[in-house]
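None of the figures in this text is laboratory data; all of them are computed from the coordinates on show. Here the structure is a predicted model, which is why all the values come from computation and not from measurement. Counting neighbours? That spans all protein chains shown, and the Cβs are built from the backbone with ideal geometry, glycine included.
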Amino acid sequence: MDRMVVDGPAARYTAEQARAVKRLVYMDADGQLALDFLGEEFRSLAQEELVKKVRQAHVFVRAECDRFAAARDTKLAERYDRRLGYFRLRGALWGLDG
């Protein structure tokens with residue numbers, strides 16, 4: 001089936017907005033689509049206060065991952081490890097260390 005092509009300022013705007021929304025989603029490690037709240041699109045919109053919050057969240061997640069691993073709480077250690085993996089995946093965008 002042929003796609004209908006609509007041209008004009010409204011159609012171009014709508015197409016660009018649709019592309020922007022697609023950039024807000026990524027395929028997570030579990031194979032599910034997820035909101036990419038640490039991705040390039042959000043980073044491009046972030047002001048310094050949000051950057052600070054993301055860095056604080058990274059420190060917290062890393063500490064909790066270590067804490068639960070040391071306590072041998074495998075269930076929570078694995079959960080925090082998955083979150084830490086996501087921070088590592090997007091860390092360069094936010095200036096995060098390891």
(request) Normalise the Debye intensity by I(0) for the stretch 1-92, one equal point scatterer per Cα, no solvent, then take log10 at q = 0.12, 0.15, 0.26 Å⁻¹ and round to two decimals. (result) -0.54, -0.72, -1.26
(request) Would you compute, from DSSP H runs of 4+ residues alone, the mean residue ellipticity of the chain at 222 nm, taking -39500 (n - 2.57) per run and dividing by the full residue count, rounded to the nearest 500? (result) -21500 deg cm²/dmol
(request) Kindly put Tyr80, Tyr13 in sequence by how many other C-beta atoms sit within 10 Å of each C-beta, fewest to most. (result) Tyr13, Tyr80
